[in-house]
Amino acid sequence: YYVKFASGGAGNDGTWLETIKPGIQYRLNNSTMPHALMRNNDGTFTFDRITWSDRLVGDLVSNQNPSFVGRKFSNIFFHRNRLGFLSDENVIMSEAGEYFNFFKTTVTTVIDSDPIDIAASHTKVSMLKSALVLRSILLLFSDQTQFILDTGDANILSAETASIRVLTEYQSIQSVSPVAAGDIVFILVS
């Protein structure tokens, strides 16, 4: 990790603060990231870029780029106070409560609120296409396999507790998104 010295005011010697490695890419490209459609007070709408949070600490090893960098999104969702994206085989979720931050805020320790970036491992190629929140669980859908993202015995969703496991293996048609009706999920199978 990297630190910089911040001088204190009168009578204060200053302190060392965690920072970013000099000269590395620290910003997501706001023009290629999702934009926001916001409803204004007068009933009109504004479509604009979102200001995504910068990498403030670490380097490309200790605070890696989210796995969606350089790839396309296949789905966007909210789950347990996190903004999430599906990109290829990965589920990428923001820092808890900070929807536009996909970087760690410190690299000196692991925090439960850190962003989550996890791949759906399987013997089949599983490009994730849809996500569906059903009660407190997150269901993930690819062409051949359906997954669940859960936390095992832990109540907290974090990078340390999140895991993806196979739920079912139905050949599905991804041009029609899954739909929940109560406790039942409908998918179109081929």
Exercise for review: Assess whether VAL69 counts as being touching a residue at least 60 places away in the same chain (Cβ under 8 Å) and within 27 Å of LEU149 (Cβ to Cβ).
Suggested key: no
Practice item. Could you please let me know if PHE47 is open to solvent by less than 30 Å² (accessible area, probe 1.4 Å), aromatic (Phe, Trp, Tyr) and either assigned to a strand (DSSP E or B) or in contact with a Gly (Cβ under 8 Å, 6 or more places away or on another chain) (or both)? Key: no
Exercise for review: Please find, within segment 2-30, the residue that is modelled with the highest pLDDT out of those that are of a type in the set (S, T, N, Q) and touching a Lys or Arg at 6+ places or on another chain (Cβ under 7 Å).
Suggested key: THR19
Practice item. State the number of residues belonging to segment 56-93 that are open to solvent by 10 Å² or more (accessible area, probe 1.4 Å), in a loop (DSSP other than H, G, I, E, B) and among the β-branched types (Val, Ile, Thr). Key: 2
Revision key, fill the gap. In segment 9-44, anything part of a loop (DSSP other than H, G, I, E, B), surrounded by 10 or more Cβ atoms within 10 Å (Cβ to Cβ) and over 21 Å from the mean Cα position of the chain (by Cα) is listed as GLY14, LYS21, ILE24
Study note, to complete from the structure: Taking segment 31-52 and keeping residues in contact (Cβ under 8 Å) with a residue 12 or more places away in the chain and over 29 Å from ARG135 (Cα atoms) leaves SER31, PHE47, ASP48, ARG49, THR51
Check your understanding: Which one is farthest from ASP117 (Cα to Cα), of the residues in segment 152-175 that are open to solvent by less than 70 Å² (accessible area, probe 1.4 Å) and of a type in the set (A, V, I, L, M, F, W, C)?
Key -> ILE173
Study note, to complete from the structure: Going through segment 140-151 in order, the residues found to be farther than 15 Å from SER87 by Cα and open to solvent by 10 Å² or more (accessible area, probe 1.4 Å) are GLN144, ILE148, ASP150, THR151
Check your understanding: Of all residues in segment 94-120, which are in a loop (DSSP other than H, G, I, E, B), open to solvent by 30 Å² or more (accessible area, probe 1.4 Å) and within 18 Å of ARG71 (Cα to Cα)?
Key -> PHE100
Check your understanding: Could you give every pair whose Cβ atoms fall below 6 Å, whose first residue belongs to segment 178-190 and is within 17 Å of LEU128 (Cα to Cα) and open to solvent by less than 70 Å² (accessible area, probe 1.4 Å), and whose second residue is of a type in the set (A, V, I, L, M, F, W, C) and modelled with pLDDT of 90 or more, counting only separations of at least 6 or pairs across chains?
Key -> PRO178/LEU132; PRO178/PHE141; PRO178/VAL185; PRO178/ILE187
**Study point:** Residues of segment 26-68 satisfying the condition of being among the hydrophobic types (A, V, I, L, M, F, W, C) and either touching a Ser or Thr at 6+ places or on another chain (Cβ under 9 Å) or at positive phi (or both)
**Key:** LEU28, ALA36, LEU37, MET38, LEU56, VAL57, PHE68
Point to revise | Test: LYS129 is within 26 Å of GLY70 (Cα to Cα), free of Cβ contacts under 8 Å to residues at least 60 places away in the same chain, among the basic types (Lys, Arg) and surrounded by fewer than 14 Cβ atoms within 10 Å (Cβ to Cβ) | key: no
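Just to be sure I understand, how many residues within segment 159-182 are closer than 23 Å to ARG82 by Cβ, of a type outside the set (A, V, I, L, M, F, W, C) and part of a loop (DSSP other than H, G, I, E, B)? Spell out the reasoning first.
Going residue by residue through segment 159-182, those that are closer than 23 Å to ARG82 by Cβ are 159-167, 177-180.
Going one step further and asking which of them are of a type outside the set (A, V, I, L, M, F, W, C), we end up with 160-161, 163, 165, 177-178.
With the extra rule that they be part of a loop (DSSP other than H, G, I, E, B), the set shrinks to 160-161, 177-178.
Counting residues in segment 159-182 that are closer than 23 Å to ARG82 by Cβ, of a type outside the set (A, V, I, L, M, F, W, C) and part of a loop (DSSP other than H, G, I, E, B) gives 4.
The values are calculated or read from the model by the stated rules, or taken from the named source; none is laboratory data. Quick caveat, the model's predicted, so the values are computed rather than measured. Don't worry about glycine lacking a Cβ; one is built from the backbone with ideal geometry, like all the others, and counts go over all protein chains shown. SASA here: full protein model, heavy atoms, side chains in, ligands and nucleic acids out. Shrake-Rupley method; radii C 1.70, N 1.55, O 1.52, S 1.80 Å.
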